[in-house]
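The values are calculated or read from the model by the stated rules, or taken from the named source; none is laboratory data. All of these numbers come straight from a predicted model, not from anything done at the bench. Cβ placement follows ideal geometry from the backbone for every residue including glycine, while neighbour counts extend to all protein chains displayed. When the accessible area is computed, the model is the full protein with side chains, heavy atoms only, and any ligands, DNA or RNA have been set aside. Shrake-Rupley method; radii C 1.70, N 1.55, O 1.52, S 1.80 Å.
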Amino acid sequence: MRARYRVPLGITAVATAGLLYSAGFEARSFRLRRVTVPVLPSGMRPLRVLQVSDIHMVSGQRKKQRWLRSLAGLRPDFVINTGDNLSDPEGVPEVLDALGPLMEFPGAYVFGSNDYYGPKLRNPARYLLEKTSGRHGLNGNAPAVGAIHNPWEDLRDGFEEAGWLNLTNTRGILKVEGVSVELTGLDDPHIKRDRYTKVAGGPSGVADFSMGVVHAPYLRSLDAFTADGYPLILAGHTHGGQLCIPFYGALVTNCDLDTDRVKGLSTHTSEGHTSYLHVSAGCGTNRYTPVRFACPPEATLLTLVGRN
């Protein structure tokens, strides 16, 4: 009789240990990724860009808040926030407090779906089903019903009071110690709020350097930015796959981007042009799935240097 239960009990023990590790340790094991990207015009001084993404703040997450505040010690030239700051309608004050030291630096932001709407409990297996069917977010699925509306206006007001640029389907220019950086942003493609026609045409030529910013790296957005000649695109949304298989990688991206580019630096090609793409794995999770495995939470310090 004992032998009959030995294997199931062993599997249960391993699964329990994995869950405790992924929720209790790895989901709070914050890391800084450092990346060098050769995109600047020849002769231009390097720029240090801190990208934060997918904070998914839940009220009371003190360790995450302390870590975010500590990032100001990096002294970046500017900060890019690629969205999904919230996973709790009550989390706006804690997001603004945690990002307060970073808002002392020039910065810009786009929103993600979780800034607009509160999370809902869902079966994680749906991400695999959406991958196989090619449907993600509102891109092929039915509109959300009974969604919780987050106070995103308060978040916007806090960012803008600090001087951060709102890149919601628009352009803006940051002045960084004598260098001008043009930023072109989109609202979240995951819920079909992107309007590339409003910003189409590529870099205006009035700035020293131009780049694209979007929350979810859907191919239509990456294609448009790249075809228009932006040398660098920053995105988030994927959580790096969140639950990955060691030595294999991510199973899903929660959009139509391939899993080989689920996080980190890669390239994207469209209409004969090639751009660098950086996808942040983010530093949070949906409040209903507070686990990460083989994919620790992160922010990224990108050092932009002259083209080779």
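Structure above, values below:
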read-out	value
Two-decimal ratio, the stretch 228-287, of alpha-carbon radius of gyration to 2.2 N^0.38 Å	1.19
Å² of accessible area per residue within the chain, as computed with a 1.4 Å probe and no ligands counted	45 Å²
Charge tally in the Cβ shell below 14 Å around Asn141, where Lys, Arg are +1 and Asp, Glu are -1, Asn141 excluded	+4
Mean residue ellipticity (222 nm) of the chain, computed from DSSP H runs ≥ 4 via -39,500 (n - 2.57), nearest 500	-7000 deg cm²/dmol
Unit charges on C-beta of K, R, D, E only; dipole of the chain, Debye	1360 debye
Cα-based radius of gyration of the stretch 50-93 once divided by 2.2 N^0.38 Å, which approximates compact folds	1.18
Around Gly202: net Lys/Arg minus Asp/Glu count, Cβ-Cβ under 15 Å	-2
Mean Cβ neighbour count within 10 Å, used as a protection proxy, ranking 216-224, 255-263 highest first	216-224, 255-263
Two-decimal ratio, the stretch 153-202, of alpha-carbon radius of gyration to 2.2 N^0.38 Å	1.28
Per-selection Kirkwood Rh - the stretch 176-223 (Cα, Å, 1 d.p.)	11.7 Å
Sum of side-chain charges, Val305 neighbourhood, beta-carbon under 13 Å (Lys, Arg +1; Asp, Glu -1)	+3
Amide H within-cut-off set for Val37, under 5 Å, with H built and near neighbours excluded	Thr303, Leu304, Val305
Of the DSSP H helices in the chain, those whose Cα atoms cover at least 15 Å axially and whose Kyte score averages 0.0 or more	2-24
In nm, spacing of pseudo-spin labels at Arg122 and Ser42 (7 Å Cα→C-beta vector)	4.9 nm
Sequence of Ile148, Ile55, Ile191 when ordered by accessible area, the most exposed leading, probe 1.4 angstrom	Ile148, Ile191, Ile55
Reachable lysines from Lys192, criterion Cα separation under 21 angstrom, eight or more residues apart if same chain	Lys120, Lys131
Packing-based ranking, highest mean first, of 199-209, 173-183 given that Cβ atoms within 10 Å are counted	173-183, 199-209
